[in-house]
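The values are calculated or read from the model by the stated rules, or taken from the named source; none is laboratory data. Every value quoted in this text rests on a predicted model; they were computed, and no experiment measured them. Positions of Cβ are generated from backbone atoms using ideal geometry, with glycine treated the same way; all protein chains shown enter the neighbour counts. Calculation scope for accessible area: heavy atoms of the full protein, side chains included, ligands and nucleic acids excluded. Shrake-Rupley method; radii C 1.70, N 1.55, O 1.52, S 1.80 Å.
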Amino acid sequence: MTVYRKTNNRPKNFVFLSLIIAMVITGLLYFLTPVTVSTSISLQFEGIDKGKNPDNTRFDYTKLVAEDVLMQLFEDAELVYDASYLAQFEVKPVLPAHIVQTIKDKRVAGEDYTYFPNEFVIKVTPSRTLGLTESMCETLMAHYASTYEAYFNDHYTFPFMDLETLVNSFNFDSYDYPEYQTVFENEFAIISSYLNILERDDPEFISSEGYTFSDLQQGLQLTKSLDINKMSSIINSYKLSKDAEQLRIKYLYMIRRYTLQKSKAQSEYQMSQTLLDIVKQNKSTVIVPGMTGEALTYSAVNDTYDTIASQVTDAQVTSVNIDEEISYLNQKLYELDNPTHTAAEITHAKNDVNRLALALMDKVKDWVNRITSTATEYFAYKYENVLTPVYQMRISRVLSPLKAGVLCFALWLFLSFMLSRISYQRSRFEKTKAK
């Protein structure tokens, strides 16, 4: 009776044992096969449909996993970056269904059509050898969308200039009073150029304060014209200088330099005039048949005449301009040597100019802060919807859960059959041996 029960329960034991073995094998294969962690994003900005970046350069989707992007990604994820990780990242464009057929149809119709994708899948493969674990990859992909959006905004926020640094590079204390106007005009010119670029990019943009870039430009020019002119008027009226002797040396040097330039211009004028006279003397006679049959005679100069005549004119203009500059500098020297104001009046004027210069510098800094703030607001508006996450993170394995289930079932059937077969053969062998 006991033997009968063992024989009867043996198939059930084989089924249960084979199921356990199949599940263990499948589980090991599932967790030991390569894993890929991915995220997907969609980019929307002007020009991407033509394969162009916002700065009109070619859009290269492989740059989505460029090293500078990945370095920022690891920093945001609070992980340590290693250059060996770069090879573990890849990016693939997502193409719409039937796009290949659409391209063929359009080209058959004679349209030179190229499709530029705007949706991409970024993948990273963990590597135990490199120390890039699956949990690290999951963290990286969870941060990727926000990191790349910030990178994109920083990279394509143009024009690429730091107004504050550029303006602070001018220290009016290191310049003499007569140079103040040029220094401040250069600062305002830099700020104005920045505004011009922003206005060309979007003349309709209105900031939260209700100003367009054109409004800011007008206010900037008003400040420039009023304050700089007021300061320059005092400087010119009192012939101010921080170091009169140094200024005198500068004027004398500039006069000598202009004198040399004038001498060079006069030599060029004389040489060109001589060549012009030679060309005039070497006229060629051209005989052309007239309408009535009579011959018409024309005198023509060499083809180089116009070029040489232009050189003569340029040399004359240059010489006249230099004479005006020299006359201006001589007048400045005379005013420097013959002051018309008392020392007390000059000291008072210098104090006024210093006060105006400090106030103007503060206004320049205020304009820089205001324009920088407006530009930041503009680019936040411009790139507000530049990136849309399609999905944040997915973990893909070579052996998917569905495949794992099918494999487990197949292994279970196979192992059940094999164990039953082995048990049957063993039973026959024991019976044969018992006889």
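For the range 326-339, putting each phi into the Karplus relation 6.51 cos²θ - 1.76 cosθ + 1.60 with θ = phi - 60° gives couplings of 5, 4, 4, 5, 4, 5, 4, 5, 4, 5, 5, 7, 10, x Hz, in residue order, rounded to whole numbers and with x for Gly and Pro. You can think of it this way: the chain between residue 58 and residue 324 has 90.7 nm of extra reach, that is 0.36 nm per residue less the Cα-Cα gap.
Taking amide H as placed 1.01 Å from N in the peptide plane, the amide H of residue 44 sits under 5 Å from that of 387, 388, each at least 5 places away or on another chain.
Reducing the range 35-76 and the range 189-259 to their Cα centroids gives an inter-centroid distance of 40 Å. Projecting label points 7 angstrom from Cα along Cα→Cβ for residue 418 and residue 162 puts them 6.8 nm apart. Neighbours of residue 325 by Cβ distance under 15 Å: Lys/Arg scored +1, Asp/Glu scored -1, total +4. Ligands, DNA and RNA aside, residue 141 has an accessible area near 0 Å² when probed at 1.4 Å. For the range 98-109, the Karplus equation 6.51 cos²θ - 1.76 cosθ + 1.60, evaluated at θ = phi - 60°, returns couplings of 6, 5, 4, 5, 4, 4, 4, 4, 5, 6, 5, 6 Hz by residue, with Gly and Pro reported as x. Full extension of the chain between residue 381 and residue 338 gives 9.5 nm of extra length, using 0.36 nm per residue less the Cα-Cα distance. Using 0.36 nm per residue and subtracting the Cα-Cα separation, the extra length available between residue 175 and residue 128 on full extension is 10.7 nm.
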